[in-house]
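Have a look at the structure below, then the notes.
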Amino acid sequence: GIQVEQSPPDLILQEGANSTLRCNFSDSVNNLQWFHQNPWGQLINLFYIPSGTKQNGRLSATTVATERYSLLYISSSQTTDSGVYFCAVEDWDSSYKLIFGSGTRLLVRP
Amino acid sequence: DVKVTQSSRYLVKRTGEKVFLECVQDMDHENMFWYRQDPGLGLRLIYFSYDVKMKEKGDIPEGYSVSREKKERFSLILESASTNQTSMYLCASSFQLTEKLFFGSGTQLSVL
């Protein structure tokens, strides 16, 4: 099955810093999503981005499907950005199943 | 905004009990999902449903069943709870299978 790898596994930032999170996947995908899980466990969908670039406030994401990676950019980080960021891709074998990466744990210090 | 509501935030049950986890979505989504999340194992799909009364097994259906009698409600049932079912359970929904997935706030289940 498809493999999803996220890097870095852990990241500590000072408030106001910028960061880039990476998601590599082992096969072609037609569905890629980024999620943020806050410290209380709530998973929030940030982007549905099978290809191209999208922006939402201080966050933006780019997926280069032909090169099998996606990037999530966080600019001017805030303490509320802390949590775990997951990317998830659709498995070609079963269109209903998203394969989640192991996540990047982000801590933003004040 | 889509709202996916899970009935309990924390739940403590005894081994052998029958456990019901309820999930309701308010956006008329066709598809609903149950995942469990465990440290080191990530999120794993238990079951999903693409229509009322329709269901498909995910990666780890053993020990679980589901019920979808109404479009907005999807229930996860642990027929006889065991300690290895202690986990965070997350419900999700989407309009189409390949579209944006929305999660509930999760139920942390402890089986003693």
Just checking, how many residues over region A:58-79 are open to solvent by less than 70 Å² (accessible area, probe 1.4 Å) and either out of contact with any Ser or Thr (no Cβ under 9 Å at 6 or more places or on another chain) or assigned to a strand (DSSP E or B) (or both)? 13
Against the condition among the aliphatic types (A, V, I, L, M), assigned to a strand (DSSP E or B) and either under 14 Å from the mean Cα position of the chain (by Cα) or crowded, with 20+ Cβ neighbours inside 10 Å (or both), how does B:Val12 come out, does it pass? no
Strands (runs of 3 or more DSSP E) within region B:24-104 that include 1 or more residues more than 14 Å from every other protein chain (Cβ to nearest Cβ) and without any contact (Cβ under 8 Å) to a residue 24 or more places away in the chain: B:64-70
Give region A:14-57 a look and list any residue that's at the interface with chain B (Cβ under 10 Å from one of its Cβ atoms), in contact with a Pro (Cβ under 6 Å, 6 or more places away or on another chain) and loosely packed, with under 15 Cβ neighbours inside 10 Å, or say none. A:Asn30
Meets criteria (within 14 Å of chain B (Cβ to nearest Cβ), over 19 Å from B:Asp59 (Cα atoms), at pLDDT 95 or above and surrounded by fewer than 22 Cβ atoms within 10 Å (Cβ to Cβ)) for A:Arg109: no
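The values are calculated or read from the model by the stated rules, or taken from the named source; none is laboratory data. Values in this document were obtained by computation on a predicted structure and should not be read as measured data. Neighbour counts are summed over all protein chains in view; Cβ atoms, including those assigned to glycine, are modelled from backbone coordinates with ideal geometry. Ligands, DNA and RNA are stripped out before the accessible areas are found, and what is left, the full protein with its side chains, is counted by its heavy atoms. Shrake-Rupley method; radii C 1.70, N 1.55, O 1.52, S 1.80 Å.
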